[in-house]
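Undergrad: Below: one structure in structure tokens.
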């Protein structure tokens, strides 16, 4: 397992690096973004939109090649039947989607006190505007889920079972997010999404829930609220503590249900 994970992580990094070099060779370069206090706001937003257009093209290309290379490695290692990415129609079940979104949002509320102690990016890594929305809400959920809950999970699951596969794919998902705060959120989200993938036997569910979560985050960025904590949004005081307590109940209940109805049952079957 350690060897497979290390090799796949190395393949991902190498693929990203080689593709980056190819982009430079063909003159496909990321536009520069000046500090917001160095240019007027119109110029800054124009730069952000240009960067978003670049990202909307670069992101699918980078991930498509990485997914193919990792799939090829898995094929060589294990034969034709190693990877069977699940796509059951149960992934469209509204109750499961609502359950997943609430679980994910609750986890982020609970993590907030810890995240405030860690450095974080400014949330503009994909630019601004409609092209940025495309990357955040469509491209990223599809390709990141194909990579983490699709290829990587199924390669690991073939040999090590669902619990190890959920854990390792979640850590890998966290490594895709560069700063510590986002990485921690991504790891916890990866545990949730991996569990839902097992529960529904469908990548559709994880893609949709991932997209909804990103849409919420993108909306906050678009309205200039990315720097606000949940506590600040709610005005602090009693309301915040009530919401925090409710998030704790939702997270605990969802986690207990996942353990007994999904993870423990799957372990017995294995």
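The values are calculated or read from the model by the stated rules, or taken from the named source; none is laboratory data. Since we're looking at a predicted model, the values are computed, not measured. Glycine gets a Cβ as well: all are built from the backbone with ideal geometry, and neighbour counts include every protein chain shown.
Undergrad: So which of 114, 147 is part of a helix (DSSP H, G or I) and within 16 Å of the chain's Cα centre (by Cα)?
TA: Of 114, 147, the one residue that is part of a helix (DSSP H, G or I) and within 16 Å of the chain's Cα centre (by Cα) is 147.
Undergrad: Further question: Select, from 258, 186, the only residue that is buried (at least 19 other Cβ atoms within 10 Å of the Cβ), outside any loop (DSSP other than H, G, I, E, B) and free of Cβ contacts under 8 Å to residues at least 40 places away in the same chain.
TA: Of 258, 186, the one residue that is buried (at least 19 other Cβ atoms within 10 Å of the Cβ), outside any loop (DSSP other than H, G, I, E, B) and free of Cβ contacts under 8 Å to residues at least 40 places away in the same chain is 186.
Undergrad: Mind listing whichever residues of segment 1-14 are surrounded by 15 or more Cβ atoms within 10 Å (Cβ to Cβ) and over 14 Å from residue 63 (Cβ atoms)? Please lay out each step first, then the result.
TA: Of segment 1-14, the ones surrounded by 15 or more Cβ atoms within 10 Å (Cβ to Cβ) are 4-5, 8-9, 11-12.
4, 5, 9 - these are the residues of segment 1-14 that are surrounded by 15 or more Cβ atoms within 10 Å (Cβ to Cβ) and over 14 Å from residue 63 (Cβ atoms).
Undergrad: Please state which of the following conditions residue 224 fails to meet, knowing it meets all the rest: (1) exposed (fewer than 14 other Cβ atoms within 10 Å of the Cβ); (2) under 14 Å from the mean Cα position of the chain (by Cα).
TA: Only one criterion in (1) exposed (fewer than 14 other Cβ atoms within 10 Å of the Cβ); (2) under 14 Å from the mean Cα position of the chain (by Cα) is unmet by residue 224, namely (2).
Undergrad: Also: Quick check on my filter: what residues within segment 34-60 are within 23 Å of residue 144 (Cβ to Cβ) and in contact with a helix residue (DSSP H, G or I) (Cβ under 6 Å, 6 or more places away or on another chain)?
TA: The answer is 52, 53, 55, 56, 59, 60.
Undergrad: A follow-up question, please. State the number of residues belonging to segment 56-106 that are assigned to a loop (DSSP other than H, G, I, E, B), out of contact with any strand residue (DSSP E or B) (no Cβ under 7 Å at 6 or more places or on another chain) and in contact (Cβ under 8 Å) with a residue 12 or more places away in the chain.
TA: Taking segment 56-106 as the starting set, the residues that turn out to be assigned to a loop (DSSP other than H, G, I, E, B) are 79-86, 88, 93.
Okay, now just the ones that are also out of contact with any strand residue (DSSP E or B) (no Cβ under 7 Å at 6 or more places or on another chain), so 79-85, 93.
Narrowing further to those that are in contact (Cβ under 8 Å) with a residue 12 or more places away in the chain: 82-85, 93.
Count: 5.
Undergrad: Quick check on my filter: what residues within segment 226-240 are touching a helix residue (DSSP H, G or I) at 6+ places or on another chain (Cβ under 7 Å) and part of a loop (DSSP other than H, G, I, E, B)?
TA: Correct list: 226, 229, 234.
Undergrad: A further question follows. For the condition outside any helix (DSSP H, G or I), at pLDDT 90 or above and surrounded by fewer than 17 Cβ atoms within 10 Å (Cβ to Cβ), what is the one hit in 17, 27?
TA: 27 is the lone residue from the list that is outside any helix (DSSP H, G or I), at pLDDT 90 or above and surrounded by fewer than 17 Cβ atoms within 10 Å (Cβ to Cβ).
Undergrad: Taking interchain pairs and intrachain pairs at least six residues apart, which have beta carbon atoms under 6 angstrom, with the first residue in segment 148-161 and free of Cβ contacts under 8 Å to residues at least 12 places away in the same chain and the second crowded, with 23+ Cβ neighbours inside 10 Å?
TA: 157/165
Undergrad: Across segment 64-87, which residue is modelled with the lowest pLDDT among those that are farther than 25 Å from residue 135 by Cα and surrounded by 13 or more Cβ atoms within 10 Å (Cβ to Cβ)? Give the steps one after another, and end with the answer.
TA: The first filter runs over segment 64-87 and keeps only residues farther than 25 Å from residue 135 by Cα, leaving 72-84.
Of the ones still in play, those that are also surrounded by 13 or more Cβ atoms within 10 Å (Cβ to Cβ) are 73-75, 77-78, 82-83.
Details: 73: 86, 74: 82, 75: 81, 77: 75, 78: 69, 82: 59, 83: 70.
Ranking the qualifying residues of segment 64-87, first place goes to 82.
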